[in-house]
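One structure is given below, encoded as structure tokens.
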Amino acid sequence: MLKIFRVVTPALLLVAPVAHAEFSGNVYLTSDYRVKGVSQTGENPAIQGGLEYGHESGLFAGVFASSVDFFEAGDPWDNDESIEIDLYAGYSGMLGKHLSYDMTLLRYFYPGAMESIDFNELKLGVNLGPARLAYGHANDYINLGESYRYIEANYNLFLPADFTLGLHAGYSFGSFFDNPATAGIEEYTDYGVTLSRELVGLDMSLAYLDTDIDASYAIHSDYLANQGTWVLSLGKGF
């Protein structure tokens with residue numbers, strides 16, 4: 001059983017922040033909140049939203065929130081989390097004409113949790129056209145005193161009829177995974193393919209997400225599901 005395993009990353013940071021955007025935001029409804037291939041809502045829908053301010057200097061700050069539900073009520077591991085709130089701030093800039101970078105410090109909050117699992121993460125990213133590489137490091141993951149590290153690669157293909165195909169692969173590792181029997185998981189890779197398009201003024205996407213988590217720790221459905229699934233999202237940016 002996947003016990004104390006938590007992985008959270010704000011959806012707003014899947015792409016590089018826009019330094020000149022001033023205030024921007026979005027609201028989304030998704031059929032399943034998956035982070036690094038793992039369901040954060042027991043395969044149930046989630047409502048999400050975010051607000052960001054970007055200054056022309058390259059400084060930016062924002063907030064992201066989503067409903068979450070890691071364990072069924074009554075489960076001995078249930079910690080009463082029902083919402084995730086992520087505060088972040090950082091800086092983005094250019095390295096030459098085509099290469100950009102961003103550095104972001106995040107704080108993850110879970111209001112209402114019986115025991116605090118709030119933690120910090122530092123993310124570093126570089127972008128070259130439609131390609132992005134990023135690295136995340138949390139040195140005290142969910143207050144366990146262990147590190148959680150994540151590397152990811154993303155690439156966007158712009159298709160006819162204004163469709164975009166997003167390709168993603170990531171790898172989770174760090175001292176958190178040193179004792180799989182306690183963590184309930186080993187180091188693993190997650191990957192996904194997303195087809196998105198704006199339609200009737202709304203942002204729509206359909207994604208297929210999966211991991212290489214082996215049979216020992218595979219969860220095929222419900223809480224903390226980590227096997228292949230389709231996720232449909234509908235939202236609006238402003």
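FYI, it's all coordinate maths here, none of it is from the lab. In this text, all values refer to a predicted model and were calculated from it rather than measured experimentally. Heads up, the Cβs are rebuilt from the backbone with ideal geometry, glycines too, and the neighbour counts pull from every protein chain shown.
Structural remarks
- Take the Cα of Asp75, step 7 Å toward its Cβ, do the same at Asn139, and the gap between the two points is 3.1 nm.
- Hypothetical label at Phe23: residues of the range 30-50 whose amide nitrogen lies under 19 Å (7 Å Cα-Cβ projection): 49-50
- Take every Cα pair under 8 Å whose residues are at least 6 apart in sequence, average their separation, divide by the length of the chain, and the relative contact order is 18 percent.
- Going from the residue with the fewest nearby Cβ atoms within 10 Å to the one with the most, Phe176, Phe109 rank Phe109, Phe176.
- Proxy reagent accessibility, fewest Cβ within 10 Å first, across Trp77, Trp230: Trp230, Trp77
- Extension gain, Ala215 to Lys236, is 3.8 nm, computed as 0.36 nm per intervening residue step minus the present C-alpha separation.
- With eigenvalues of the C-alpha gyration tensor scaled by 5 and rooted, the chain, Å: 28, 20, 18
- Simple rule: put +1 on each Lys or Arg Cβ and -1 on each Asp or Glu Cβ in the range 11-237, find the dipole, and look at Asn143, Tyr110, Ala161; the Cα lying farthest toward the positive end is Ala161.
- Net charge over other residues, Cβ less than 12 angstrom from the Cβ of Ala46 (K, R count +1; D, E count -1): -3
- Environment charge of Asp162, counting only residues whose C-beta is closer than 9 Å and scoring Lys/Arg +1, Asp/Glu -1: 0
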